[in-house]
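Down below is the structure, laid out as structure tokens.
Derivation of every value follows stated rules applied to the coordinates shown; laboratory data play no part. Predicted model, so just to flag it, every value in this text is computed and none were measured. Cβ sites come from the backbone with ideal geometry, for glycine too, and all protein chains shown count toward neighbours.
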Amino acid sequence: MIILTWKRGIVLNKVNNIYCVGRNYAAHAKELLNEIPTSPMLFSKPTHALAEANGQKVLLPGNRGSIHFETEIVIRIGRPYEQGIKLEDILDSFTIGIDFTLRDVQTELKKKGHPWLLAKGFPNSAVISEFIPFSGIEEMKKIDFSLQRNGEKVQQGNIKNMIFDLQTIIDFTALNFGLGEGDLIYTGTPEGVSQVMDRDHLTLHWGNSVMGECVIKLA
Ligand code: ZN
């Protein structure tokens, strides 16, 4: 269990499991020359991977090939899953996060047919910014999320472009792995993933609001 506190907004008391959805936007699947999946593609990260984007440096491995940023909507589950439960009743808040990925390592793992954990589960690979209360799916579809690197927008997405919507992801995750309070789900990245560089200043945006920021330190 990890205690996280925020300067403003709601307090994220604990994180239990961290689930992630791969290839959930068609344009991103295509840019990495992957096929578009026919059912949700899930993987997970250890809680040690969590890091807050609250202005501080984020230390990432600099000696294991390229690291890509993947900017994603991260949802937080607020109560135990029950069959048939609606999104509005189980999703309590969300934020913008980064699923950092050791891309060269992942490419090698894919070739061998090995699990992705080495490429996805390293410390600080799961960045989250400030969580805000869930205000309904239609409200969320009105606002784009984005990532700026050194002041330049490099990724932009909207949940309406997901291949598998949030309700499908929640049901699929619960059915296969279990889902309860304090679980986070990274819901997939839109196109525009790219290599992060030492000293990059990253800011995570929800519409016009900055939800979090960090500076990359490769070591
Ligand atoms: Zn991802």
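Some observations on this one:
- A DSSP coil position with no more than 14 other Cβ atoms inside 10 Å describes the following trypsin sites (Lys or Arg not before Pro) in segment 156-218: Arg199.
- Extension gain, Ile36 to Gln195, is 55.0 nm, computed as 0.36 nm per intervening residue step minus the present C-alpha separation.
- Distance violations [Cα-Cα > 27 Å] among Lys30/Lys112; Lys86/Lys112; Lys45/Lys217; Lys30/Lys57; Lys57/Lys141; Lys14/Lys110: Lys86/Lys112; Lys30/Lys57; Lys57/Lys141; Lys14/Lys110
- Two-decimal Rg/Rh across segment 2-218, once Rg and the Kirkwood Rh are taken from alpha-carbon atoms: 0.93
- Three-way shape label, segment 112-219, alpha-carbon gyration tensor, a/c 1.5: oblate
- Charges were assigned to the Cβ only: +1 to each Lys and Arg, -1 to each Asp and Glu. The resulting dipole of the chain about its Cα centre is roughly 560 debye.
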